[in-house]
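Take a look at the structure below.
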Amino acid sequence: MAKQKAIIKMQTYGIHSQWQSKAKELPKIKEFTTDIPAEIDIEFGFIVNIKNARGSKINYCIEHPGIHDQAGKLRAPFTGEIHITNNDWEFYLGDTIWAPVEDKCGPWRMTIELNKRIVADKTFNISSSSSNDRFKKRFAYI
């Protein structure tokens, strides 16, 4: 019997609750957006659902606008590989802003590849402009 084709759906993208690496739950969406204010500890990214791909591997990449390490050298994009563990699998790909925020501003492109094909792709624009005021007004209760 032929293997079923994988079905990939982006479920959320934008600002999420804080990701907890040891928790089973994925972050919850707070706002669907690609415009992210440059505020320390703000969590952004996307959640994908992948069906019919158990046993496969995905490769992810987070291309950032030019973050420097402690020695002042430009960091490479953040990459990794994950095994899909079941036939109805959810995965969160995201990051957060940390100090100093200046080198975090700009486009952050996040991609997921399955079988050497990009199956999820989203670019987030991090800025320290008036988007911060818009966010604070909209989520004044946070």
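Each reported figure results from applying straightforward, stated rules to the coordinates on display, with no laboratory input. On a predicted model such as this, the values are computed, not experimentally measured, just so you know. FYI the Cβ positions are ideal-geometry reconstructions off the backbone, even for glycines, and counts take in every protein chain you see.
Quick notes
- Separation in nanometres of the label points that stand 7 Å from Cα toward Cβ, at Lys73 and Ser21: 2.1
- Subtracting the Cα-Cα distance of Arg54 and Ala99 from 0.36 nm times their residue separation leaves 12.4 nm of extension gain.
- Length gained on full extension, His83 to Glu63, computed as 0.36 nm times the residue gap minus the Cα-Cα distance: 5.1 nm.
- Hz values of 3J(HN,Hα) by residue in the range 56-71 - Karplus curve (6.51, -1.76, 1.60), Gly and Pro given as x: 7, 10, 10, 10, 10, 8, 10, 8, 9, x, x, 7, 9, 7, 5, 8
- Estimated vicinal HN-Hα couplings, Hz - the range 12-17 in sequence order (Karplus 6.51, -1.76, 1.60; Gly, Pro = x): 9, 7, x, 8, 10, 5
- For Glu43, residues with placed amide H under 5 Å, excluding near neighbours: His16
- Using bins of 5 Å that start at zero, the share of Cα-Cα pairs per bin across the range 9-131 amounts to 2, 11, 20, 23, 19, 14, 7, 3, 1, in whole %.
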